[in-house]
Amino acid sequence: MRAAGTLADRRTGSRSGIYEFKRDKRTGAILLKRRRSPFLGELPYVLILVAAVTFATGSYCQYIRLRTSVECRSDRTEALKRQYLDLQSDNMLLECALYQTPDLSAVYETATTELGMVPVTRDHVMLYHQSDDEFVFQTDNIPIIGFE
């Protein structure tokens, strides 16, 4: 077989890497066969490997995108929880301040019964009309009528 290959090298010259001569065992004839690249035999496996790597890369990118989205939403949820707790504590403080204000009906009752105060009526209010548009000073411009 080596002799057939050497003979082919002499006849074909530069094409010896592409073609190969083989002797048929049954008939004894010399056959010219084209050499196939070793890569062509493994082409389906290489295509499957490329497809698997592409799928794995795409899946990993999708995983990273989803993970980032979940982390962003988690951070936003935590911020909203903190804001809710701040509002809730502010509400409790305002509610405590509201309940600590004195009851106005209790103040009125204490003032009228214990302190002897009298509720204001229209008889207690004096109206004063000033002819010019200047300010009224409390010490010298208000007439004393009935107050001593």
Checklist (1) open to solvent by 90 Å² or more (accessible area, probe 1.4 Å); (2) over 38 Å from the mean Cα position of the chain (by Cα) applied to Phe55, failing item: (2)
Lone qualifier among Pro44, Pro119 - being out of contact with any Gly (no Cβ under 9 Å at 6 or more places or on another chain), open to solvent by less than 90 Å² (accessible area, probe 1.4 Å), closer than 30 Å to Tyr19 by Cβ and modelled with pLDDT of 80 or more: Pro44
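Does region 71-86 include one or more residues that are of a type in the set (Asp, Glu) and either touching a residue at least 24 places away in the same chain (Cβ under 8 Å) or exposed (fewer than 10 other Cβ atoms within 10 Å of the Cβ) (or both)?
Step one: list which residues in region 71-86 are of a type in the set (Asp, Glu), which gives 71, 75, 78, 86.
Of the ones still in play, those that are also either touching a residue at least 24 places away in the same chain (Cβ under 8 Å) or exposed (fewer than 10 other Cβ atoms within 10 Å of the Cβ) (or both) are none.
Looking through region 71-86, none of the residues is of a type in the set (Asp, Glu) and either touching a residue at least 24 places away in the same chain (Cβ under 8 Å) or exposed (fewer than 10 other Cβ atoms within 10 Å of the Cβ) (or both).
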Where a residue in region 93-105 is open to solvent by 80 Å² or more (accessible area, probe 1.4 Å) and its partner, wherever it lies, is acidic (Asp, Glu) and in a loop (DSSP other than H, G, I, E, B), with Cβ under 9 Å and at least six apart: none
Lys25 being open to solvent by 90 Å² or more (accessible area, probe 1.4 Å), outside any helix (DSSP H, G or I) and at negative phi: yes
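The values are calculated or read from the model by the stated rules, or taken from the named source; none is laboratory data. What you see is a predicted model, and the numbers here were worked out from it, not measured in a lab. We place every Cβ from the backbone using ideal geometry, glycine too, and count neighbours over all the protein chains shown. Ligands, DNA and RNA are excluded from the accessible area calculation, which covers all protein heavy atoms including side chains. Shrake-Rupley method; radii C 1.70, N 1.55, O 1.52, S 1.80 Å.
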